[in-house]
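S.K.: Before we start, here is the structure in question, set down as structure tokens.
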Amino acid sequence: MKNWDKIYSTKSLAKASIIKGLLEENEVPVQILNKQDNNFPMWGDIEVYVPAHLNITATQLIEKALLN
């Protein structure tokens with residue numbers, strides 16, 4: 001994903017979906033890349049990506065949400 005930065009990584013699809021929803025509510029384009037193994041979900045992560053120029057904004061939104 002050229003010009004996109006990974007800003008969050010988790011083992012939980014639910015967490016990744018919540019982060020995606022938070023970013024979309026704030027008009028930040030977001031993509032989720034699921035690298036988990038289908039048979040062994042404990043192997044691999046689910047990664048959240050945003051356009052590189054929105055990296056700081058997205059990170060601040062996530063940090064603010066996690067603090068509340």
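S.K.: Give just the number: which of (1) crowded, with 16+ Cβ neighbours inside 10 Å; (2) within 10 Å of the chain's Cα centre (by Cα) does L61 not satisfy?
M.R.: With (1) crowded, with 16+ Cβ neighbours inside 10 Å; (2) within 10 Å of the chain's Cα centre (by Cα) applied to L61, the lone miss is (2).
S.K.: Any residue in segment 1-25 that's in contact (Cβ under 8 Å) with a residue 40 or more places away in the chain and assigned to a strand (DSSP E or B): show its pairings with residues that are surrounded by fewer than 14 Cβ atoms within 10 Å (Cβ to Cβ) and among the β-branched types (V, I, T) at Cβ separation under 6 Å, as long as the two are six or more apart or on different chains.
M.R.: none
S.K.: Please specify each residue of segment 36-58 satisfying the condition of being modelled with pLDDT of 95 or more and either in a helix (DSSP H, G or I) or loosely packed, with under 13 Cβ neighbours inside 10 Å (or both).
M.R.: A52, H53, L54, N55, I56, T57, A58
S.K.: Then there's this: For segment 28-50, what are the residues that are touching a Phe, Trp or Tyr at 6+ places or on another chain (Cβ under 6 Å) and more than 20 Å from K2 (Cβ to Cβ)?
M.R.: Answer for segment 28-50, where residues must be touching a Phe, Trp or Tyr at 6+ places or on another chain (Cβ under 6 Å) and more than 20 Å from K2 (Cβ to Cβ): just D37.
The values are calculated or read from the model by the stated rules, or taken from the named source; none is laboratory data. Please read all numbers here as calculations on a predicted model, not as lab measurements. Using ideal geometry, Cβ is built from the backbone for each residue, glycine included, and neighbour counts are taken over all protein chains shown.
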